[in-house]
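S.K.: Got a structure for you, written out below as structure tokens; questions coming shortly.
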Amino acid sequence: MHTARNKGRFAFGAAAVGVALALSGCASGDPLATDDETAADETIVIGSQAYFSNEIIAEIYAQALEDAGFDVEREFNIGQRDAYIPSIENGDIDLFPEYTGNLLQFYDEDTEATETGEVYAQLQDVLPEGLVVLDQSPATDQDSYNVTAEFAEEHELESLADLSEVDVELILGGAPELEERPYGPDGLSETYDVEVSFVPTGDTTVDDLLAGTVNIANVYSADPRIQTEDLVTLDDPEGLFLASNVVPLANAEIADEIAEVINAVSAALTPEGLVALNVESTVDQRSAEDIAADWLAENGLVG
Amino acid sequence: MNWVLDNLDLIGRLSLEHLRLSITPILAGLLIAIPLGWLAHRYRLARGALLTSAGLLYTIPSLALFVIIPPILGISYLSELNVTIALTLFVIAIMARSVADALDSVDGNVRQSAVAVGYGALRRFFTVDLPLAGPVILSGLRVAAASTVSLVTVGILIGVESLGYLFTNGYQRRIVEEIFSGVVMVMLVALLIDLALVALGRLAMPWARRPGRAAR
Amino acid sequence: MNLFLDALAWIVAPERFEGSSSLFVRLGEHLYFTAFSVLIATVIAVPIGYLIGHTGRGRELAVGLSGAARALPSFGLILLLVLVMGVTNKPAAAFTAFVVLAIPSILAGAYAGFEAIERRTINAARAVGMTEWQILWRVEVPLGLPLLIGGIRSAALQVVATATLAAYIGLGGLGYYIFRGLPLGRYDEMLGASILVAVLAIVIDAALALCQRLFVPRGVAAGRTPSLRTAPARRRAMVETSTAP
């Protein structure tokens, strides 16, 4: 299990494969494989999703910790939840910016919680041993269904429930896996009795909505284009989506050491603040590093 | 061009990373392909089996191989070893055939002359067959290298950082310059490796003047 | 082996054969991407390749451009083209990238096929009074066919594997399952789809191999095997070893 930790040190080549094969008959999610040295290790390994907004938050964590005197290693851009969770569970990664609702649903697919406090409380119950969440931030970045302003006006749409009255074919766009998520097409059908077909529009979902390829788009609520493109986020009275606040997921062994620094960051990160960070990335095209440094300075969290 | 100028250090760092990720599979693949190619050249039965399985391997999408290797070998999903192993396999798939063809092309008379002057099998292979097959092997390796450099980018989808980061990140943020600079740098890395291979070929095979031109 | 059994079970599960994203739909899309791109690439590359092969000019330029095209990362090119051409032109963006991918092998097959013909044969044709046009159509094209189809075969193999990337921009194809399975951690789905891509590649390759036999004139077919064997291996290697997916 030494392989994931140090991307650079794999020179053993084929030999390592043999060793890895011999050592681990089973897959890498084995909790027993947790390395005891991790705790004593001074370096805090911070991961991030392959999502620019998540990477900015991770970079903020990293710079805040560096300023507080910690040694930090960045393992950014490591794909999707199913890919990186095992590495957090086995201690390869110590800290990761997460989202309460999506993380809760990962561990408990059938959860009934939808409201912020409820989601956060339940999340703490379902996390496996060795993992904790620090304070959640007021900033949210949750899935939401959006339509264009014209479409909303034309069909008098305010809430997802109104969609069942619409007489044109409804096409939902989003990430490919949305098709299989509890809040995807099936969830819409069960909760709101709305039938949609699905197109995996991926990273260009908003563009596809504007171009008319789809007429409903799954957009993260902190996406600045909801405002700039005048999209209408449909209300969700039945709680199809879970509230999803930004929350630091941490290895229990280091959580106490870093809590003060990271909780201060979470408290300072507001919903509007998160949208502003995203604007700096997509509109001003600044690097995560610069955005994080400025944000920390503006909020008086470094120095 | 603003984005490029503001992010020169990121582009530079990713290019070096990309270069490093490309070189290992190219070299490892070549080293493994030489004995396999020899087997295919020497034994008819091995030829069928080897070249067929190489052909099969070749049809598997690279992303699929990246994803399937961790559960099969029991390595971490985050390890760059996944990309290294998968790309090594692709290089082997191309080069096993190339090496076999190259050895086939060595003049039988030359080989027999070597036997006649008392060369043993091993000595003959390393001092006669392999050098004479060299230019053909090199031209195969250049194709394999170009493809490897391009495929490294797909590794970003499983979190292995390379110039591919500029593709996915640029696509998310809709920054055309970011993707474009990634494409250009991938081609530059490929060119660099190609020039290095040609130069190495000239050093190792001074008798084969202009192997590259003759090959392509 | 368990994983492979799971993947096979995934392929034959009844839900694969129903609904708007059934296997047949995805398989059809994948085949369409491949066939259409290779067709366009053939239409572009063959005349140029024949011109180079017949006149012996422009070879260096073609080789240089092909080399550059081979180094062009398809993944980046697709994403770049989507941003530049706009989301309503996603199919055009993908096809462009696949055509660029397919051209070098087909081009090389076209001119290498001509170059492999012995000079004596061409001179003989000229001696019996054939015009340049007749030499082209009645001597060079038929004799060059085996290597040309070889080039098309390797182009098809490359495109069929690379066409999985079309799903990254939401165009479907068999890559659809791979890109959906990745965030969901569904290894059976990803492996199952990959197996199908490989099977599709083998079927396409076999079909083209059959063409190679059927469309090559009998006189050429007779001399084909030995001539391929003894043809300069370097040239053969170039046509047949293609870049991997």
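Only the coordinates and a few stated rules stand behind these numbers; no lab work does. Nothing here was measured: the structure is a model prediction, and the numbers come from that model. In this analysis, Cβ positions are derived from the backbone assuming ideal geometry, glycine residues included, and neighbour counts consider all displayed protein chains.
S.K.: To the nearest 20 debye, what charge dipole does the stretch A:143-233 have about its Cα centre, counting +1 at the Cβ of each Lys and Arg and -1 at the Cβ of each Asp and Glu?
M.R.: Around 300 debye, computed over the stretch A:143-233.
S.K.: What is the order of A:D290, A:D92, fewest Cβ neighbours within 10 Å to most?
M.R.: By the 10 Å Cβ count, ascending, the order reads A:D290, A:D92.
S.K.: Kindly write out, for the stretch B:117-123 in residue order, the coupling ³J(HN,Hα) from the Karplus curve 6.51 cos²θ - 1.76 cosθ + 1.60 (θ = phi - 60°), rounded to whole Hz, with x marking Gly and Pro.
M.R.: Per-residue couplings from phi come out as 7, x, 6, x, 4, 5, 4 Hz.
S.K.: Let me ask something else about it. Only four residue types carry charge here, +1 at the Cβ of Lys and Arg and -1 at the Cβ of Asp and Glu. Report the dipole size of the stretch B:2-215 about the Cα centre in Debye, rounded to the nearest 20.
M.R.: I would put it at about 840 debye.
S.K.: While we're here: What average count of beta carbons from other chains do you get within 10 Å of the Cβ of residues in B:142-150?
M.R.: What the average comes to for B:142-150 is 6.
S.K.: In degrees from 0 to 90, rounded to the nearest 10, what is the angle of the helix C:59-71 Cα long axis to the longest principal axis of chain C?
M.R.: 10 degrees
S.K.: Just in the stretch C:1-95: which trypsin sites (Lys or Arg not before Pro) are loop by DSSP and have at most 16 other Cβ atoms within 10 Å?
M.R.: C:R57
S.K.: Give me B:L5, B:L19 sorted ascending by neighbouring Cβ count inside 10 Å, so fewest comes first.
M.R.: Final ranking by Cβ density, sparse to dense: B:L5, B:L19.
S.K.: Once the Cα atoms of helix B:62-73 and of chain B are each reduced to a long axis, what angle between those two axes, in degrees from 0 to 90 to the nearest 10, is obtained?
M.R.: That helix lies at roughly 80 degrees to the long axis.
S.K.: Note the angle between two axes, namely the Cα long axis of helix C:23-55 and the longest principal axis of the Cα atoms of chain C, as a number of degrees from 0 to 90, rounded to the nearest 10.
M.R.: Around 20 degrees separate the two axes.
S.K.: Which whole-number percent gives the relative contact order of the stretch C:1-118, counting Cα pairs below 8 Å spaced six or more residues apart?
M.R.: 36 percent
S.K.: Two decimals is fine: what's Rg over Rh for the stretch A:106-189, C-alpha atoms, Kirkwood radius as Rh?
M.R.: When Rh is taken as the Kirkwood radius, the ratio is 1.05.
S.K.: Taking chain C as a Gaussian network, Cα atoms linked when under 10 Å apart, which of C:G67, C:G175, C:G150 shows the biggest mean-square fluctuation?
M.R.: Of C:G67, C:G175, C:G150, the Gaussian network model singles out C:G67 as fluctuating most.
S.K.: What's the average, rounded to a whole number, of partner chain beta-carbon atoms within 10 Å of each residue's beta-carbon in A:50-60?
M.R.: Averaged over the peptide's residues, the number is 2.
S.K.: Enter the mean number of other protein chain beta carbons within 10 Å of the beta carbon of each residue in A:191-200, as an integer.
M.R.: Rounded to a whole number, the mean comes out at 2.
S.K.: If you don't mind, there's one more thing I want to ask. Could you tell me the center-to-center distance, by alpha carbons, between the stretch A:274-303 and the stretch A:153-219 in angstrom?
M.R.: Value for the Cα centre distance between the two parts: 32 Å.
S.K.: Which one of A:Q80, A:Q63, A:Q105 has the biggest mean-square fluctuation once chain A is modelled by GNM with Cα springs under 10 Å?
M.R.: Of the options given, A:Q80 has the highest mean-square fluctuation.
S.K.: Quick check on the protein assembly as shown: of the DSSP beta bridges with both residues there, what percent are antiparallel, nearest 5%?
M.R.: 55 percent
S.K.: If you take the charge dipole of the protein assembly as shown about its Cα centre, with +1 on Lys and Arg Cβ and -1 on Asp and Glu Cβ, which of C:A124, B:A93, B:P25 is farthest toward its positive end?
M.R.: Checking the options against the dipole of the protein assembly as shown, the answer is C:A124.
S.K.: Of A:N102, A:N77, A:N218, which has the largest mean-square fluctuation in a 10 Å C-alpha GNM of chain A?
M.R.: Per the Cα network of chain A with a 10 Å cutoff, A:N77 tops the list.
S.K.: Another question about this same structure. Place the peptides A:143-154, C:96-107 in order of packing, highest mean first, counting for every residue the other Cβ atoms within 10 Å and averaging per peptide.
M.R.: Ranked from most to least packed, the peptides come out as C:96-107, A:143-154.
S.K.: A further question on this structure: What share of all Cα pairs of the protein assembly as shown, in percent, falls into each consecutive 20 Å distance bin?
M.R.: Calculated P(r), rounded to whole percents: 16, 47, 29, 9, 1.
S.K.: Which residue, chosen from A:T205, A:L188, A:L170, occupies the Cα position most advanced towards the positive end of the dipole of the stretch A:143-233, where the dipole is computed from +1 (Lys, Arg) and -1 (Asp, Glu) charges on Cβ about the Cα centre?
M.R.: Result: A:T205.
S.K.: On to the next question. Determine, for C:W133, B:W38, A:W295, the number of other Cβ atoms within 10 Å of each Cβ, and report the residues in order from fewest to most.
M.R.: C:W133, B:W38, A:W295
S.K.: How large is the charge dipole for the stretch C:1-70, taken about the Cα centre, if only the Cβ atoms of Lys, Arg (+1) and Asp, Glu (-1) carry charge, to the nearest 20 debye?
M.R.: In total the dipole reaches around 440 debye.
S.K.: Here is a further query. Got the relative contact order for chain B handy, in percent, Cα pairs under 8 Å and 6 or more residues apart?
M.R.: Once divided by the residue count of chain B, the mean separation gives 27 percent.
S.K.: Relative contact order (percent) for chain C, with alpha-carbon contacts under 8 angstrom and 6 or more residues of separation?
M.R.: So the answer I get is 27 percent.
S.K.: Taking the Cα atoms of the stretch B:2-215, what is the range of coordinates along each of the three principal axes, in descending order and whole Å?
M.R.: Computed over the Cα atoms, the extents are 67, 40, 21 Å.
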